[in-house]
Amino acid sequence: MIKVTQLQFEYGRKRVYDDFSLTLAQPGVYGLFGRNGSGKSTLLKILSGLLFPHGGSVDVLGYKPTARLPTFLEQVYVVPEEFHLPNIKLEVLLKTHAPFYPRFSSTDFQSYTDIFEVPRDKGFASMSLGQKKKAVIAFALATHTPVLLMDEPTNGLDILGRAQFKTIMGGKEHADRIVVISTHQAHDLESLMSHVLFVDAGKLALSASMDTLQRALHLGVADNQADIADSIYQEAIGHQWAYVAANKGDAPGAVNLELLYKALSMNKQAILDAVAVHQDPTRNPQ
């Protein structure tokens, strides 16, 4: 459904992507992680046709996003981290924007805005940032586009709003979509994600399903640092130590994406080696 081959992109003299390749063939929720400035937002804009690559090829649903054909645009929706909304009410947003998306469900939009508790009697100028964000997310989810791209969707949401977002995203009506979520709020969304993508130094450093990560890694907490053997990454949390290690047992481990993100940032190769064992059945653990 999405295929990126040898992507190149730069801002002036700053190279963001160099020989970057990615294939997303199955529906699911893909978490897109990387350090600040690694190009996560840029990638979402390239996939949606808002930015044009400087090299390589990008294919989304059989279309070249740069062509921006109406038949492509009606199947892809992007939620940017920053946005501006005109001072209109939800009913006007529905009337003026929904017709561009053939799969749009007014019933679902009603349901999602009810769950989010978005006021219907106010224009966007009178809403808080969190209420505006909820309205944008509700509309995006109601489009039911095959591809949904979201940049930091939980930024600006309070604890209740994040829980509401997870409730809506977990609905079976979204099971057939490719949803790519760029986020630093790893802990908030890990229960939703089926696949993890990690961008580093202009390339795709890691692409692995949550199932693979659970088989490959063991993330735990120890009372004493001396009790941790062969860890890939460890950090103090109060009087205890959280750590990431290769999973040498048969039982799947728990995956804490925030801890995994830190481990990838600090000791990327060790994580890649542990995951590769479970992605390549011909390779034996050391």
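The values are calculated or read from the model by the stated rules, or taken from the named source; none is laboratory data. Keep in mind the model is a prediction, meaning the values are calculated, not measured. Cβ coordinates were reconstructed from backbone atoms using ideal geometry, including for glycine residues, and neighbour counts include every protein chain displayed.
Scanning region 3-44 for residues that are outside the structural domain of Glu173 (by TED's automatic domain parsing), free of Cβ contacts under 8 Å to residues at least 40 places away in the same chain and not in a loop (DSSP other than H, G, I, E, B) yields Tyr11, Lys14, Thr23. From the list Ala251, Ala226, the lone residue that is of a type in the set (Gly, Ala, Ser), part of a loop (DSSP other than H, G, I, E, B), surrounded by fewer than 16 Cβ atoms within 10 Å (Cβ to Cβ) and free of Cβ contacts under 8 Å to residues at least 40 places away in the same chain is Ala251. When the helices (runs of 4 or more DSSP H) confined to region 105-218 are screened for residues that are of a type in the set (Phe, Trp, Tyr), those reaching at least 1 such residues are found at 106-116, 129-143, 159-169. Taking first residues from region 87-101 that are part of a helix (DSSP H, G or I) and partners that are surrounded by fewer than 16 Cβ atoms within 10 Å (Cβ to Cβ) and of a type outside the set (Val, Ile, Thr), the Cβ contacts under 6 Å between residues at least 6 apart in sequence or on separate chains come to Leu90/Arg120. Note on region 48-79: among residues that are in a strand (DSSP E or B) and without any contact (Cβ under 8 Å) to a residue 60 or more places away in the chain, the one that is surrounded by the most Cβ atoms within 10 Å (Cβ to Cβ) is Val58.
Can you confirm whether region 80-94 contains a residue that is loosely packed, with under 12 Cβ neighbours inside 10 Å, within 30 Å of Lys3 (Cβ to Cβ) and modelled with pLDDT of 95 or more? Please lay out each step first, then the result.
Within region 80-94, the subset loosely packed, with under 12 Cβ neighbours inside 10 Å is 82-84, 86-87, 91.
From what is left, the residues that are within 30 Å of Lys3 (Cβ to Cβ) are 82-83.
With the extra rule that they be modelled with pLDDT of 95 or more, the set shrinks to none.
No - not one qualifying residue is present in region 80-94.
Against the conditions (1) over 30 Å from Lys203 (Cβ atoms); (2) of a type in the set (A, V, I, L, M, F, W, C); (3) part of a loop (DSSP other than H, G, I, E, B), Ala236 satisfies every one except (3).
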